There are 2 protein chains.
Amino acid sequence: MEEEKKEAHQENNNLISLKKPLRCIVKLGGAAITCKNEIEKINEENLEIVSSHLRESMMIVSSSSEKVLGMDWSKRPGVSEISISSDDYNDQSLLDFNNFIIVHGAGSFGHFQASQSGVHKGGLQLPIVKAGFVATRISVTSLNLEIVRALAREGIPSIGMPPFASGWSTCDRKIASAGVSQVVEVVDSGFVPVLHGDAVLDDLQGCTILSGDVIIRHLAELLKPQYVVFLTDVYGVYDRPPTDPGAVLLREIAVDDDGNWSIVKPTLQNMNKQVEITVAAHDTTGGMVTKISEAAVIAKLGIDVYIVKVNCLR
Amino acid sequence: MEEEKKEAHQENNNLISLKKPLRCIVKLGGAAITCKNEIEKINEENLEIVSSHLRESMMIVSSSSEKVLGMDWSKRPGVSEISISSDDYNDQSLLDFNNFIIVHGAGSFGHFQASQSGVHKGGLQLPIVKAGFVATRISVTSLNLEIVRALAREGIPSIGMPPFASGWSTCDRKIASAGVSQVVEVVDSGFVPVLHGDAVLDDLQGCTILSGDVIIRHLAELLKPQYVVFLTDVYGVYDRPPTDPGAVLLREIAVDDDGNWSIVKPTLQNMNKQVEITVAAHDTTGGMVTKISEAAVIAKLGIDVYIVKVNCLR
């Protein structure tokens, strides 16, 4: 039965195509939208700026970019009633969006729970891993909800799609099934799906962490967006940790057909050999190594990848 | 392609069986876990009591019922650090749960957003409906997250599965596809899926509201639980609105093979003809009519249905 289920998934994936081409997959880096050094704290300022910039780049008719069709009608703290004026919702042009998919990282959400319990290493039969799996999902889905709300306040018709709940799983930490048909249905209906790094079931080791970057690579392969944008807290990829004195920003990296990458700009001698990659201890998804290699795989498909700093005017 | 996708879903549903029989599907009634007259307010006291009672009834080894393996490791307000003692997580018996599925209603969440925009009537091409769809989902998924957290605090390994994100859709307001295989996978892995009434896509009218009661009926048909329990804010079904003076509690209702229902206890003459059913204006899912007829369909399958008041000791 496991086999048949997987086949059905695979079949679905092969059939998949969007009604309208996919403009862009955006990665909201965890470091850009949360406060790295404070557990479970959102960087509200950055999130608001990102949401507003995203709306501008998604809208087809830019002239109405001043007007916002708020889509989070939740009760505000301290206010007992919600009031919606339906007259505000008559401007049809406010619904003309290019096709986008958003995937966010976890930042200071989820990592603590995952690393304390070892969810990424599997072993669901252990109470600590099982509890950690539940705790990790609570943390990342609460971040997902807040991001969906911030986007909806800016008029982006966003739909939270937690990967575990929407059909993503792995085998030996590689994607075994993916809820791509659901993502396509959401995009085709004029919504913006918002996925994220999540704890998922793994056929071999029981469970693991599926990173947002791996999800993006998979979606990019199947749905062929015009481009993929990684929004992060630094200006791009550096030759060593960007906090180190003398770190050099790598302005353009080329990826050849074999997936090897080389630095195009700046043209420093032997630069390639000097690139240092470090992984923070609390990062259960592989840190910069995963990020760069996933970006390289996307570029290899012929899709331009941009790495952009959020809130770069500060 | 639409056709093929639906066939794949159908195929999955036919293949579905659980590793271990399903003990129970529990409906947490919206009226029991939220404050009916206050928008987006959870009835914390009831939710805590329900969660604790659910844990007791789920656990196989009742002797350790005093000990709780907390699974919500979120940061508490006003506390900057989270500390988890992994020694607390060594008792393997705390993971022996009977197979349960939980489905909750929306109560004072979602209904306002759905009724203001007419999401249940469809028409996603209208800005107000599209915004209302997003707003409804934000409201019900935020309730789902809080319920998952309350259950996890009581040691129930709960997994939020918002129906729209996990593959449920309708055609002419009837279920067209259902994410049952995902629910089965979650149960088979030892978790408790937590679904809810949700805004979903509808092949015919664009979108609608899929009620928790319809989801339960569908799951009961396919997964044949030993029993289905509806937890609500009243002692059961009355012959007229329970707030009316002289309302009589119907202690046992029998459903025949044709789906007709009759009152077994109390044995009042002509009771059947006197039953009055009212639907509140803000209820977009059909109120008591839907609830009783869905319960009757489940009973017709030969599955006992219990309607129980939450927190009945008060």
Cβ-based net charge around residue A:126, under 15 Å, with every Lys or Arg adding one and every Asp or Glu removing one: -3
Options B:228, B:118, B:195, ranked by Cα towards positive dipole end of the range B:114-229, top entry (Cβ charges): B:118
Scattering curve values for the range B:129-276, log₁₀ I(q)/I(0), Debye with Cα scatterers, q = 0.20 Å⁻¹: -1.21
Average partner coverage of A:121-134, which counts Cβ from other chains inside 10 Å: 6
Nitroxide proxy distance, nm - points 7 Å out along Cα→Cβ at residue A:44 and residue A:18: 3.3 nm
At 7 Å out from Cα toward Cβ: residue B:248 inter-copy label distances (nm, ascending): 9.0
Largest to smallest principal axis extent of the C-alpha atoms in the range B:187-268, angstrom: 44, 33, 29
Per-q log10 I(q)/I(0), the range A:139-180, q = 0.23, 0.30 Å⁻¹ (Debye; single scatterer per alpha-carbon; no solvent): -0.78, -0.95
Radius ratio Rg over Rh of the range B:74-139, counting only Cα atoms, Kirkwood formula for Rh: 1.27
Overall Cα dimensions of the range A:121-215, principal axis frame, Å, largest first: 43, 24, 18
Debye-sum result for the range B:27-123 in log10 I(q)/I(0), which assumes one identical scatterer on each alpha carbon, at q = 0.10 Å⁻¹: -0.44
Student exercise, the range B:63-137 dipole from Lys, Arg, Asp, Glu Cβ charges, in Debye to nearest 20: 780 debye
Under-5 Å amide H pairs with residue B:307, H placed in peptide plane, nonlocal only: B:230
Loop-located chymotrypsin sites (Phe, Trp or Tyr not before Pro) in the range A:193-268 whose Cβ has at most 15 other Cβ within 10 Å (DSSP): A:235
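Values quoted throughout were computed directly from the atomic coordinates according to the rules given, and no laboratory measurement underlies them. The structure presented is a predicted model; accordingly, all values stated were derived computationally and were not measured. Cβ sites come from the backbone with ideal geometry, for glycine too, and all protein chains shown count toward neighbours.
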